[in-house]
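Engineer: If you scroll down you'll find the structure; I have some questions about it.
The values are calculated or read from the model by the stated rules, or taken from the named source; none is laboratory data. Computed from a predicted structure; not experimentally measured. No Cβ is skipped: glycine too gets one built from the backbone with ideal geometry, and neighbour counts run over all protein chains shown. SASA here: full protein model, heavy atoms, side chains in, ligands and nucleic acids out. Shrake-Rupley method; radii C 1.70, N 1.55, O 1.52, S 1.80 Å.
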Amino acid sequence: MHRFATGVAAVCGLADGQPRGMVISRFAYVSSAPPIAAICIHAGSPSFPEGSMTWPVLRELPTLGVSILGEQNLDAARSLYRRPEERFSGVSWRADESGAVLICGSILNLQCRIRSSVRIGSHDLVLLDIVEAQEGLDSAPLLFHGDLYRVLDPVRQHSITGGE
C-alpha cells in the first residue's frame, strides 16, 4: 500500500495542558452534510509501540485538531513522528478554546469531535464530526508515498481535462 500516495495530517489535542499528537497519512473527507471526516490510526503493535502510547490519550479528549499539512510543514511532520515526548519540539502550534491543537502554517485546520470508532485489523477507523474548518496557507500539500514525504513538482502538473 506504500505505492498509493496520500496526504499528511496531524491529529492533536491538549491532554493535562500539554500538546499530544501524531502524524497520519490516512485521512478522508466523508460527508458535507453533516461535515464528517475519517481517519485511520495504527492501534499499536510490538513493532510500532509509539502508536499505542498516543492514540489512547487522544481518543479520550473531547476535541481534536486535525491539521492538513503542506510542503512548508515538512519539519513538523518529521517531528510529530518522533517519540511522544519529543514530538512538539520545534513545532509551531496553537490550541483553540476547545483544546484542539492545530499546527501553524497548515493548509487546512479542522476542529473535530469523535463520532464513532471501530477496530479493523491493526487500525482504528475513526469518524470525526467537523465542528469548525479554517483555511490556512495556499500551498502544495505534503504527500506520503513509498515511505517518504514528498511534494508536488509544479513543472509536471496536469489538469484532469488534459491542459496544464
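Engineer: Among the residues of segment 85-99, is any touching a His at 6+ places or on another chain (Cβ under 8 Å) and open to solvent by less than 50 Å² (accessible area, probe 1.4 Å)?
Structural biologist: no
Engineer: Now for a separate question. In segment 118-133, which residues are open to solvent by less than 50 Å² (accessible area, probe 1.4 Å) and farther than 14 Å from residue 36 by Cβ?
Structural biologist: 123, 124
Engineer: Condition test on residue 69, is it under 17 Å from residue 149 (Cβ atoms) and out of contact with any Cys (no Cβ under 7 Å at 6 or more places or on another chain)?
Structural biologist: Criteria met by residue 69.
Engineer: Assess whether residue 54 counts as being free of Cβ contacts under 8 Å to residues at least 40 places away in the same chain, under 14 Å from residue 11 (Cα atoms) and not hydrophobic (A, V, I, L, M, F, W, C).
Structural biologist: So residue 54 passes the test.
Engineer: Restricting attention to segment 1-32, and to residues there that are under 19 Å from residue 139 (Cβ atoms), of a type in the set (Ser, Thr, Tyr) and part of a strand (DSSP E or B), which single residue is modelled with the highest pLDDT?
Structural biologist: 29
Engineer: Before we move on, is residue 67 more than 17 Å from residue 123 (Cβ to Cβ) and within 11 Å of the chain's Cα centre (by Cα)?
Structural biologist: So residue 67 passes the test.
Engineer: Quick check on residue 37: is it closer than 13 Å to residue 149 by Cβ, open to solvent by less than 50 Å² (accessible area, probe 1.4 Å) and either modelled with pLDDT of 90 or more or among the acidic types (Asp, Glu) (or both)?
Structural biologist: Here the answer is no, as residue 37 does not meet what is asked.
Engineer: Residues that are touching a His at 6+ places or on another chain (Cβ under 8 Å) and in contact (Cβ under 8 Å) with a residue 12 or more places away in the chain: does segment 146-164 have at least one?
Structural biologist: Scanning segment 146-164, I find at least one residue that is touching a His at 6+ places or on another chain (Cβ under 8 Å) and in contact (Cβ under 8 Å) with a residue 12 or more places away in the chain, so the answer is yes.
Engineer: Residue 55 passes all but one of (1) part of a helix (DSSP H, G or I); (2) open to solvent by 30 Å² or more (accessible area, probe 1.4 Å); (3) in contact with a strand residue (DSSP E or B) (Cβ under 9 Å, 6 or more places away or on another chain); which number fails?
Structural biologist: All conditions are met except number (2).
Engineer: Suppose we keep only residues that are hydrophobic (A, V, I, L, M, F, W, C) and over 10 Å from residue 100 (Cα atoms) within segment 1-14. Which one would you say is most open to solvent (accessible area, probe 1.4 Å)?
Structural biologist: Result: 1.
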